[in-house]
Amino acid sequence: QVQLVESGGGLVQAGGSLRLSCAASGRTFSSYAMAWFRQAPGKERVFVAAISRSDGRTYYTDSVKGRFTVSRDNAKNTVLLQMNGLKPEDTAVYYCAARPGVPLSNTDSYAYWGQGTQVTVSS
């Protein structure tokens, strides 16, 4: 079992930056692949980025490559999403998710979710 709590969302102008943080409870954080998803109003929840359990391998959806960076600190049970060059289309609720094993990009593969944090990018 793992509990996830996101923070760091807010309102930012286009071109700005935000850093989202996801704090995980439990002593087996390093056993979980971690991911970020987002859900815009009226749309489905979609994959943004993921990071593997221990070797730090990262994965991104095409629309955020070169702008977003996912990282984790297993000693602090934390995963971060650094978002630079934000665009209005990045506006969404961002969710942290965890699953045992390898990172995947479909929501159904993740059993553990945070409550979400709102990111709003103004033009």
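The values are calculated or read from the model by the stated rules, or taken from the named source; none is laboratory data. Fair warning: this is a prediction, and the values are worked out from it, not measured in the lab. Don't worry about glycine lacking a Cβ; one is built from the backbone with ideal geometry, like all the others, and counts go over all protein chains shown. Note: accessible area is taken over every heavy atom of the protein model, side chains too, but ligands, DNA and RNA are not part of it. Shrake-Rupley method; radii C 1.70, N 1.55, O 1.52, S 1.80 Å.
Observations, loosely collected:
- Residue list for the range 1-23, filter: more than 12 Å from W36 (Cα to Cα), at pLDDT 95 or above and in contact with a Phe, Trp or Tyr (Cβ under 7 Å, 6 or more places away or on another chain): G9
- Residue within the range 98-114 that is of a type in the set (V, I, T) and either in a strand (DSSP E or B) or free of Cβ contacts under 8 Å to residues at least 24 places away in the same chain (or both) present: no
- Residues considered: V79, V48, V64. Of these, the only one that is out of contact with any helix residue (DSSP H, G or I) (no Cβ under 8 Å at 6 or more places or on another chain), under 19 Å from T117 (Cα atoms), buried (at least 20 other Cβ atoms within 10 Å of the Cβ) and not small (G, A, S) is V79.
- Within the range 98-121, considering residues that are open to solvent by 40 Å² or more (accessible area, probe 1.4 Å) and hydroxyl-bearing (S, T, Y), the one farthest from L4 (Cα to Cα): T120
- Condition broken by A35, with the remaining ones in (1) in a strand (DSSP E or B); (2) open to solvent by 10 Å² or more (accessible area, probe 1.4 Å); (3) out of contact with any Asp or Glu (no Cβ under 8 Å at 6 or more places or on another chain) satisfied: (2)
- Only one of the listed residues (Y95, Y59) is open to solvent by less than 40 Å² (accessible area, probe 1.4 Å), among the aromatic types (F, W, Y) and touching a residue at least 40 places away in the same chain (Cβ under 8 Å). That residue is Y95.
- Yes/no for V70 being free of Cβ contacts under 8 Å to residues at least 40 places away in the same chain, open to solvent by less than 40 Å² (accessible area, probe 1.4 Å) and β-branched (V, I, T): yes
- The range 1-32, subset under 15 Å from G114 (Cβ atoms) and touching a Lys or Arg at 6+ places or on another chain (Cβ under 7 Å), residue surrounded by the most Cβ atoms within 10 Å (Cβ to Cβ): Y32
- Members of the range 82-92 that are part of a strand (DSSP E or B) and buried (at least 18 other Cβ atoms within 10 Å of the Cβ): M83, A92
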